[in-house]
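Undergrad: Have a look at this one before I ask anything.
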């Protein structure tokens, strides 16, 4: 289809049409992500005088990419993700005769350096154990202490933790059942990342079971969410938002909170990040995803088979290998030797440091 065959459509209307078209197949968080990325594109079209999607072509897309790269601090990975969303939007525009055929293939996706493709940062063992020790002593069985323990032990996503209802916790079996409850239905509103494929039963340790029981019996606010459901983790007004949970983690994970010291050379009396409202400004704080990565690596070190762990944390083995198993080769080698020593006699080392002669 040539430009002469196109139907006029403003960028603003195109975005509204697209979001309405994707309403049923985009989860709320994904829809917000698309609205944000595409809203930036629509704002840019207004700033450069483009008021009709018919006028968007390869040159304009290259100009937008250059502007987006220079006017923001996006990494190549994030920029790539934003432009991939723009591709999907332009494909929709092509289907409704708003852009010329082939424009979608002219979106200039950046080359992502291998070192940027995987975010390798994971909190140190000492940090995780320090936080655990501090909050077990000073906030035992609080909502945020138990949430931290749950993610650190199992490696659940933030959305999965938030989605748990009190009825999903089985005291007798020491399990938690994760259900996909998509938004839109009267009693729903907490979707899992991978939909029904993410539904599963999680086994938990006796210690974590005890934390949850004590939290329910002594500290849980007896409230319901907007759908009348009873969340496991509650605030005074119902189920906590993802933003609330992230803020809690930022507050908890500041080194000055659990260790009383600053590893970044700041004077605590002068540091604005010591104030709870500025916790996100602390360079040492972290949220739920780095802790999830730490939990997965910790379970791998403990000898949990990848096939079993894949089901437990709801991620494929290839993705687990690429994005979550960031142990050094030396660390992996030590774990392999421990596994061999546990299962094969010829790998058992005698007290004197020599391998045992099994012949």
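Every read-out reported here was derived from the displayed coordinates using simple, explicitly stated rules and does not represent laboratory data. The structure presented is a predicted model; accordingly, all values stated were derived computationally and were not measured. Don't worry about glycine lacking a Cβ; one is built from the backbone with ideal geometry, like all the others, and counts go over all protein chains shown.
Undergrad: Can you give me the pair-distance distribution of the range 207-329, C-alpha pairs, 5 Å bins, whole percents?
TA: 2, 9, 13, 13, 15, 18, 16, 10, 3, 1
Undergrad: Report, to one decimal in Å, the Kirkwood hydrodynamic radius for the range 3-117 based on all distinct Cα pairs.
TA: Details: mean 1/r = 0.0690 Å⁻¹.
Kirkwood radius, the range 3-117: 14.5 Å.
Undergrad: Let me ask another. Where both partners of a DSSP beta bridge lie in the chain, what percent of those bridges are antiparallel, to the nearest 5?
TA: Values: 10 of 11 bridges.
Of all bridge pairs located within the chain, approximately 90 percent are antiparallel.
Undergrad: Per 10 Å bin, what is the whole-percent P(r) computed from every C-alpha pair distance within the range 139-247?
TA: 14, 51, 32, 2
Undergrad: Where is the GNM fluctuation largest for the chain (alpha-carbon springs, 10 angstrom cutoff): 293, 306, 322?
TA: Evaluated over the chain, the most mobile residue of the options is 322.
Undergrad: Fully extended, how many nm does the chain gain between residue 91 and residue 227 (0.36 nm per residue separation, minus their Cα-Cα distance)?
TA: Extending this stretch completely gives an extra 45.4 nm.
Undergrad: If you don't mind, another one. How many nm is it between the label spots at residue 302 and residue 199, if each spot is 7 Å from the Cα in line with the beta carbon?
TA: Inter-label distance under the simple model: 2.7 nm.
Undergrad: Would you list 148, 169 from fewest to most Cβ contacts within 10 Å? Show your work: numbers first, answer last.
TA: Values: 148 25, 169 19.
With the fewest neighbours first, 148, 169 line up as 169, 148.
Undergrad: Further question on the same structure: Taking the Cα centroid of the range 178-224 and of the range 40-112, what is the distance between the two, rounded to the nearest whole Å?
TA: One Cα centre to the other: 39 Å.
Undergrad: To the nearest 500 deg cm²/dmol, what mean residue ellipticity at 222 nm is calculated for the chain from DSSP H runs of n ≥ 4 alone, each contributing -39,500 (n - 2.57), summed and divided by the residues?
TA: -14000 deg cm²/dmol
Undergrad: Neighbour counts of other C-beta atoms within 10 Å: give me 62, 53, 174 arranged from fewest to most.
TA: Going from sparsest to densest Cβ surroundings: 62, 174, 53.
Undergrad: Gaussian network model of the chain, Cα springs within a sub-10 Å range: biggest mean-square fluctuation belongs to which of 272, 71, 307?
TA: Of the options given, 71 has the highest mean-square fluctuation.
Undergrad: Taking the Cβ of each residue in 43, 301 as the centre, tally the other Cβ atoms inside 10 Å and list the residues starting with the fewest.
TA: 43, 301
Undergrad: Next question. Starting from the Cα gyration tensor of the chain, multiply each eigenvalue by 5, take the square root, and state the resulting semi-axes largest first in whole Å. Could you put the intermediate results ahead of the total?
TA: On the way: eigenvalues 365, 148, 104 Å².
Each semi-axis is the square root of five times an eigenvalue, giving 43, 27, 23 Å.
Undergrad: Further, regarding this structure: Between 215, 227, 258, where does the largest GNM mean-square fluctuation fall for the chain, given springs only between Cα atoms within less than 10 Å?
TA: 227
Undergrad: Using 1/(1 + (r/R0)^6) with R0 = 56 angstrom and r between the beta carbons of residue 277 and residue 345, what's the FRET efficiency to the nearest 0.05?
TA: The pair residue 277/residue 345 has a calculated efficiency of 0.40.
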